[in-house]
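Asker: There's a structure below that I have some questions on.
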Amino acid sequence: MNAKETPAAPEMGLRERKKLRTMETIRREAYRLFAAQGYEATTVDQIADAAEVSPSTFFRYFPTKEDVVLDDDYDDTLAAALRSRPPGEPVIESLRHGLADSLGRQLEADREDLLLRTRLGFTDPALRARSWDEMQRSQDVVAALICERTGRDPGDLDAHCAAAALIAVSTAVVRYWVEHDGKVDLVPLYDRQFAQLAAGLRL
């Protein structure tokens, strides 16, 4: 979920490009309003009006106002980054390379939006509840990617526990980043903590 300028894929047709622009416009205007007047005070009608779309069009892209904050495409970027890494490479090393490369660039491009939406996710009661669901969904995505890379059964407990650990570390890293107002670089924080996790957390 971000308001960044996303390059259209070469095969994307005019209809798809228009849909992408509309979605990005809705996100951009929503974030602007959230920053200016607060999340709770911002209505779907206000977002739709600012984006010059109808409320029904808003709901075609985002089922709820919460989805504007919580939806993102990081899972797809992470999956692509992992699949580009050499077979047999430890998953956590593949993650570190992904963060240093494509996912890291995306996080940096989304920095201000990510800071706003993450802060909202930690502080707004309704979003906090939804954020837990999203965290569980992300954990399942990471577990599936681990199983895919390692040839394990989709229900493998080791893979799911590893995914849970990675998501927990990621959540702690992002919380630290938000609490410090995004003044530290996020990617090196991830890299340091994933390195500690890979080393067995020898504190």
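The values are calculated or read from the model by the stated rules, or taken from the named source; none is laboratory data. These numbers come from a predicted model, not from an experiment. A quick note on method: Cβ atoms are made from the backbone with ideal geometry, for glycine too, and the neighbour counts reach across all protein chains shown.
Asker: If you scan the range 48-63, which residues turn out to be under 27 Å from Ala143 (Cα atoms) and surrounded by 14 or more Cβ atoms within 10 Å (Cβ to Cβ)?
Answerer: Listed by number, the list holds a single entry, Phe62.
Asker: Please enumerate the residues belonging to the range 68-97 that are part of a helix (DSSP H, G or I) and over 29 Å from Thr25 (Cβ atoms).
Answerer: Matches in the range 68-97: Leu82, Arg83, Val91, Ile92, Glu93, Ser94, Leu95, Arg96, His97.
Asker: List pairs: first residue in the range 73-93 and closer than 15 Å to Ala163 by Cβ, second residue of a type in the set (Lys, Arg) and surrounded by fewer than 14 Cβ atoms within 10 Å (Cβ to Cβ) anywhere in the structure, Cβ distance under 9 angstrom, at least six positions apart or on different chains.
Answerer: Sorted first by the residue in the range 73-93, then by its partner, the pairs are Asp75/Arg137.
Asker: Restricting the search to the range 115-134, which residues are within 12 Å of Leu70 (Cβ to Cβ) and either crowded, with 16+ Cβ neighbours inside 10 Å or among the β-branched types (Val, Ile, Thr) (or both)?
Answerer: If the condition is that a residue be within 12 Å of Leu70 (Cβ to Cβ) and either crowded, with 16+ Cβ neighbours inside 10 Å or among the β-branched types (Val, Ile, Thr) (or both), then Arg117, Thr118, Leu120, Gly121, Asp124, Leu127, Arg130, Ser131, Glu134 are the ones that fit.
Asker: Checking Thr43 against (1) in contact with a Lys or Arg (Cβ under 9 Å, 6 or more places away or on another chain); (2) surrounded by 14 or more Cβ atoms within 10 Å (Cβ to Cβ); (3) not assigned by TED's automatic domain parsing to the domain that holds Asp101, which test does it fail?
Answerer: Checking Thr43 against (1) in contact with a Lys or Arg (Cβ under 9 Å, 6 or more places away or on another chain); (2) surrounded by 14 or more Cβ atoms within 10 Å (Cβ to Cβ); (3) not assigned by TED's automatic domain parsing to the domain that holds Asp101, the one that fails is (2).
Asker: Right, Val142: more than 24 Å from Ala199 (Cα to Cα) and buried (at least 20 other Cβ atoms within 10 Å of the Cβ) or not?
Answerer: Taking the combined requirement at face value, the residue does not satisfy it.
Asker: Out of the residues in the range 51-65 that are in contact with a Phe, Trp or Tyr (Cβ under 9 Å, 6 or more places away or on another chain) and in a helix (DSSP H, G or I), which is modelled with the highest pLDDT?
Answerer: By that ranking, first place goes to Ala51.
Asker: Right, Arg85: of a type in the set (Lys, Arg), touching an Asp or Glu at 6+ places or on another chain (Cβ under 7 Å) and at pLDDT 75 or above or not?
Answerer: no
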